[in-house]
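Trainee: Dumping the structure here so I can ask a few things about it.
FYI, it's all coordinate maths here, none of it is from the lab. Bear in mind that the values here come from a model prediction, so they are computed numbers and not experimental data. Cβ coordinates were reconstructed from backbone atoms using ideal geometry, including for glycine residues, and neighbour counts include every protein chain displayed.
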Amino acid sequence: MKPTPVKAKAQEVIKDASMLKQKEMMAKHYDRLSDAPETGQKVASTFVPGNLNELLMCFDLVNNLPEVNAIQSGLRRQSGGYIMEAERSGHSEDVCTYVKSDIGMMMKGNIGPNGRKLPNPDVLLLSYTGCFTFLKWFELLREQYKCPTIFLQTPYMADGKVTPNMVQYMVKQFKEDVIPTLEKVSGVKFDIDRLREYLKKSAKAEDDLVHVLQSAKNKPSPIDAYFGGIYYIGPIFGAFRGTDDAIDYYRFLREEVDARVAAGKGPVTPDGDMPEEKYRLVVEGPPNYTNFRQFWKMFYEEGATVVASSYTKVGGTYDLGFRHDYERPLETMAEYCLGVYTNRSLPMRIDMLVDYINEYEADGLLINSIKSCNSFSAGQLLIMREVEKRTGKPAAFIETDLVDPRYFSAANVKNRLESYFQMVEQKRSGKGAAA
Amino acid sequence: MTNTTTSEIVERCQALYDDMHFNAAREWKKAVPGRKVVGFMPIYIPRELIHAAGMLPLGIMGGGDNLEVIHGDAYYQSYICRIPRSTIELGVSGRLDFVDAMLFPSICDVIRNLSGMWKMLFPNVYSKYFDVPQTYEDSVGGEFYIGEMREFLHDLEELGGRKITDDDIRNSIAVYNENRKLIAELYDLRAAKPWLAPASEAYLVIRAGLVLPVEEHSKLLRQYIDATSSEDRPIKDNSKVIVTGMFCEQPPLNLLKSLELSGCYVVDDDFMLVSRWLVDDVPTEGDPVYNLSQAFLHHSRSTAAKYEPNQQEKGQFLVRSVKRTGAEGVIFASPSFCDPALLDRPMLQHVLADAGIPYIAFKYAENSGQMQPIREQAGTFVDSIKLWSAA
Ligand code: SF4
Ligand code: SF4
């Protein structure tokens, strides 16, 4: 095996034009956050699943997402130190590492990925959607920031359906609590027509995003819907949904992807175009961010492309048909929150993964189980067995963490992946497929 | 019956606790054709509704340290708490084959996801994720909860094949009010004279209420409380402490005994919160479902699984409990990998620190065997409490 140069010369990472554009947008957003104390813009912290960017924009609030900050800290290899800091201050080693990364970052002065201080939030919009930990996370932040906290509960879609009682509950929360408090915090009066305008824009970008995600049905797939997918969802899951910037970005991305399809090209990886698509995978679970490139490389080096992933649906299940509907502004926001991936029952998650394997003609399912994320992880072993049973395709299970470097064992992950690819090969050649 | 001793009562409760086949509930069901049993997990469900339907609410608190988990581990990674795997074990090993319905309260994502797993594993059993509001305005969370309860009542009517009237529910509310009152009396007794009703005994007596019909359990509570006052038990030089964090996966009984052996009188706790969730009587006049929702919104306990809308109130329940019971310290005992308990812990600790209340913390699993470290830690804690109070 040829040794990989460890931190030799900074290797150039290949990025396609859309990735560069995305990076620029994110950088602009972080600057806007850091500038807030000077510009006087008020800041709302909130979560990705069930995030109400359109609504926040109606009050001129800038959206700060602690999960995304934790991801950035992970990618920049700072999360490990932050987590240790939080543990030293009394947080358990057992709990969600996003929370600890965020708390540790706060304790170390809240320096954002742009190297500048992130502002304290003026309001915490606790969208309790799809994850119990959110509830504790913002109670912890409230303790520090002592700012108004708005609680928005999204009932869980346990029986696979949205009932009128659920939607009414959410709409009532919007009307009686969320909107009035946002008005008070921001000093801006709520204008439902402004909300409609944003929602209209959201739907446009959503159309293009779905086109991009579904382009993976092509062979070869022009995108990697997990590692690459994370770049693609950035703007729409974050602070850009409902903006012209998002419309432009997704239009641009769509064209770029269409061009790749026309040229018969596979995805762009950090090492350039992927030469050959050998395996098509569906992945369940979030990625690891502390060793993101190394992790991705283990896939593309073997010619494995992820053609669909559940993680890219945590901020909305647009590919299942949901679009923000400006004609029913409050109801549509409720339905959006209700439908996000982690708010779906386990049987619904299984159905989705099975459908992905069939529709994207994948070779099988890979689960990246995150040590500290109960929302995703509890139940994944059953998911794996059930998907295997229903599709007849092999499934594999790896264990890492989102942002805690202590739980990324490269050798283990690589071994598992290699034996998984062998399994796929065997299945293809008919061996072991007797059942 | 008046002469029943505490040890006889505790022995009976211990047998119920040890019985992982739930024979008491099986017999109850067998006694009259058509009877139904509804299982539920921590943390809270309105048992009044199940009772009103003529069914037996059966609390399933995992397998404890009695149950050998053979299949359950295949469903969970090592970094997930124990209670879901031992509960699956109870299910797949047929120990719950007489249970007609299972309820999974909204306590955390593990139990939430287990509700879906149950649907897959036991498709012929009615199972429901029981969602409760985390917002406490009457017109918002209250209406949502009333809607959820009405849906549930409708399902119970289908399951039982009979209508549930408001009077049925009122009657059940009265029966549970009585039960809660007796449990509150037992806690008061423990706070005042902890040597008469040790926590490890009281635990078993209350736990029996999860498998017995409520009327029978109330009788048993009365007997136990009466029996304690007629017995002479030596007063020990123990320190009064509160334990918190045990609201879901239960500690092994040995853990409580170890705390007692190391010099603690446990005078308040959060075991089996379902028995004490509502802190006042629920009115028996008027719309019973509305009354239950009001009780839930405005007269229920604080715990990590609940959102606390008011920052000033965060953790105050512990401070109040310390005052009420005269406790000298707090022990945070949480199941390993329990996000709700462990994420809440630092906030509660800050509140205690501000109030000058000493505390320690450790983790356990329902099947923890080795108690020596816990005994040592608790012993040191008690010694230091004594030193502080002597200073
Ligand atoms: S538990 Fe999972 S879903 Fe929840 S905040 Fe942590 S990583 Fe996100
Ligand atoms: S012990 Fe904690 S994490 Fe486990 S199911 Fe119970 S509340 Fe959830």
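Trainee: Quick one: angle between helix A:329-339 and the longest Cα principal axis of chain A, in degrees between 0 and 90, rounded to 10, please.
Mentor: Taking the Cα atoms of chain A, the angle to A:329-339 is about 40 degrees.
Trainee: How do A:Asp319, A:Asp273, A:Asp404 rank when sorted from fewest to most other Cβ atoms within 10 Å of their own Cβ?
Mentor: Numbers: A:Asp319 21, A:Asp273 14, A:Asp404 26.
Least to most surrounded, the residues fall as A:Asp273, A:Asp319, A:Asp404.
Trainee: Within straight cross-link reach of B:Lys29, meaning Cα distance under 13 Å, which aspartates and glutamates are found once same-chain residues fewer than 8 apart are removed?
Mentor: Filter leaves B:Asp97, B:Asp100.
Trainee: Rounded to the nearest 5, what % of DSSP beta bridges with both residues in chain A are antiparallel?
Mentor: So the antiparallel bridges in chain A amount to around 10 percent.
Trainee: Another question, if that's okay. List the relative contact order of chain B as a percent without decimals, with contacts defined as Cα pairs under 8 Å and 6+ residues apart.
Mentor: Values: 616 pairs, mean separation 78.8, N = 391.
After rounding, I find 20 percent.
Trainee: Mean residue ellipticity at 222 nm from the helices of the protein assembly as shown, using -39,500 (n - 2.57) per DSSP H segment of n ≥ 4 over the full residue count, to the nearest 500 deg cm²/dmol? Could you put the intermediate results ahead of the total?
Mentor: Numbers: 31 runs with 400 residues, N = 826.
That calculation yields -15500 deg cm²/dmol at 222 nm.
Trainee: Any idea what the relative contact order of chain A is, in percent, if you count C-alpha pairs under 8 Å spaced at least 6 apart?
Mentor: On the way: 753 pairs, mean separation 82.8, N = 435.
About 19 percent, as a whole number.
Trainee: Can you tell me the orientation of helix B:109-121 relative to chain B, as the angle in degrees between its alpha-carbon axis and the longest Cα principal axis, to the nearest 10?
Mentor: 40 degrees
Trainee: Can you pull out the GluC sites (Glu not before Pro) in segment A:194-296 whose DSSP state is coil and whose Cβ has at most 12 other Cβ atoms within 10 Å? Don't jump to the answer; show the numbers that get you there.
Mentor: Working: sites: A:Glu197, A:Glu206, A:Glu255, A:Glu256, A:Glu276, A:Glu277, A:Glu284; in loops: A:Glu276, A:Glu277.
Within segment A:194-296, the qualifying GluC sites (Glu not before Pro) (loop, at most 12 other Cβ atoms within 10 Å) are A:Glu276.
Trainee: Calculate how large, on average over all directions, the projected area of the Cα convex hull of segment B:332-386 is; give the answer in nm² to one decimal.
Mentor: Numbers: hull surface 16.5 nm².
That works out to 4.1 nm², a quarter of the Cα hull's surface.
Trainee: Let me ask another. What percentages make up the Cα-Cα pair-distance distribution of chain A when the bins are 20 Å wide from 0?
Mentor: Taking every Cα pair in chain A, the percentages come to 26, 60, 14, 0.
Trainee: Still on this structure: Could you grab the relative contact order for segment B:276-391? Cα pairs under 8 Å, six or more apart, rounded to a whole percent.
Mentor: Working: 89 pairs, mean separation 24.8, N = 116.
Across segment B:276-391, relative contact order equals 21 percent.
Trainee: Using θ = phi - 60° and the Karplus form 6.51 cos²θ - 1.76 cosθ + 1.60, what ³J(HN,Hα) does each residue of segment A:275-283 get, whole Hz, x for Gly and Pro?
Mentor: Once θ is set to phi - 60°, the couplings for segment A:275-283 become x, 9, 8, 9, 10, 10, 10, 10, 10 Hz.
Trainee: With angles folded into 0 to 90 degrees, how steeply does helix B:6-18 sit against the dominant principal axis of chain B? Use alpha carbons for both and round to 10.
Mentor: The angle comes out at about 60 degrees.
Trainee: Taking the radius of gyration and the Kirkwood hydrodynamic radius from Cα positions alone, what is the Rg/Rh ratio for segment B:114-178, to two decimal places? Don't jump to the answer; show the numbers that get you there.
Mentor: Details: Rg = 14.5 Å, Rh = 13.9 Å.
Radius of gyration relative to Kirkwood radius: 1.04.
Trainee: Give the order of A:Cys96, B:Cys81 when sorted by the count of other beta carbons within 10 angstrom, beginning with the fewest. Working shown, then result.
Mentor: On the way: A:Cys96 29, B:Cys81 26.
Lowest to highest Cβ neighbour count: B:Cys81, A:Cys96.
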